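> What follows is a structure written as structure tokens; I'll ask about it next.
Quick note: the coordinates plus some simple rules give every number you see, no bench work behind them. Everything numeric here is computed off the predicted structure, so don't read it as measured data.
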Ligand code: HEC
Ligand code: HEC
């Protein structure tokens, strides 16, 4: 009797899952809006970056990194912890990919310039980055290196510090983060701010 009942319940559940409408992309994006904005332009006060038009492959990888504890787990990373929390309600791989494609299709927003304009000598600093991120910060798919040109300067600068200080890219199995760490290990804060201020001007100048 018990077993039959279980079988019946299992069949009912399977039917419900099959009938269940897939979540719409708008519904999936709904919980993101409070921090990343309706247009995906980000929010400096919340530390939330602009994500509109971000490459779907990179975006989905970051969501999985947050979900799987490869990013955001450090106690020194209050911004990343928020994403870890959000990803406890978005665990399904297909939904992650669907949401990433939706965000990729959002029109790009203009990056914020909050740091002083860099001096002319920063071009040589960025040289070392261009090999992976592209001459105009457009990103290079074959290097798995994301576009930088649409990110706000404050966010770029904060991420560079996180990589250097082992807050991002140091988790076991984060090979791509480790590559990035190696590239910034020798930079001081001033150079990071100069780099961020010049990268934010790459696309628009
Ligand atoms: C409570 C605020 C909050 C909510 C809600 C939130 N985020 Fe975030 N998100 C952040 C913050 C803060 C960061 C920056 C983390 C860091 O500094 O490493 C971030 C980072 C990200 C990144 C990494 C971007 C990059 O350039 O590497 C992606 C992608 C992202 N969020 C997507 C989403 C999506 C999609 C949702 C909705 C499912 C969402 N976020 C919901 C606050 C939030
Ligand atoms: C060897 C290739 C390589 C070099 C050189 C490199 N990067 Fe990266 N960078 C990457 C990869 C790969 C990622 C993505 C890491 C991940 O998936 O978490 C990344 C991520 C980043 C991010 C995070 C973007 C975001 O949306 O959160 C920033 C900012 C960045 N790089 C800036 C730089 C700067 C500035 C330099 C030069 C000083 C540089 N990178 C040099 C490969 C590189």
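> Report the residue, chosen from 123, 149, 172, that carries the largest GNM mean-square fluctuation when the chain is represented by alpha-carbon nodes joined by springs under 10 Å.
Per the Cα network of the chain with a 10 Å cutoff, 172 tops the list.
> On a 0 to 90 degree scale, rounded to 10, what angle separates helix 189-199 from the longest Cα axis of the chain?
It works out to around 80 degrees.
> Using only the alpha-carbon atoms, how far is helix 2-19 inclined from the longest principal axis of the chain? Give it as 0 to 90 degrees, nearest 10.
Once rounded, one gets 50 degrees.
> Among 55, 97, 77, determine the one that fluctuates most according to a GNM of the chain built with springs between C-alpha atoms less than 10 Å apart.
77
> Shifting gears a bit: Just 99, 28, 75 to compare: in a GNM of the chain, with alpha carbon springs under 10 Å, which one fluctuates most?
Largest GNM mean-square fluctuation: 75.
> Could you let me know the centre-to-centre spacing of region 143-204 and region 81-103, using Cα atoms, in angstrom?
Each part's Cα centre sits 23 Å from the other's.
> I would also like to ask the following. Using a ≥ b ≥ c from the Cα gyration tensor of region 23-104 (square roots of the eigenvalues), is it rounded, prolate or oblate, where a/c under 1.5 gives rounded and otherwise the larger of a/b and b/c decides, a/b for prolate?
Working: a/c = 1.63, a/b = 1.17, b/c = 1.39.
In terms of gyration-tensor shape, oblate.
> Could you state the angle between the C-alpha long axis of helix 93-104 and the longest principal axis of the C-alpha atoms of the chain, as a value from 0 to 90 degrees rounded to the nearest 10?
The angle comes out near 40 degrees.
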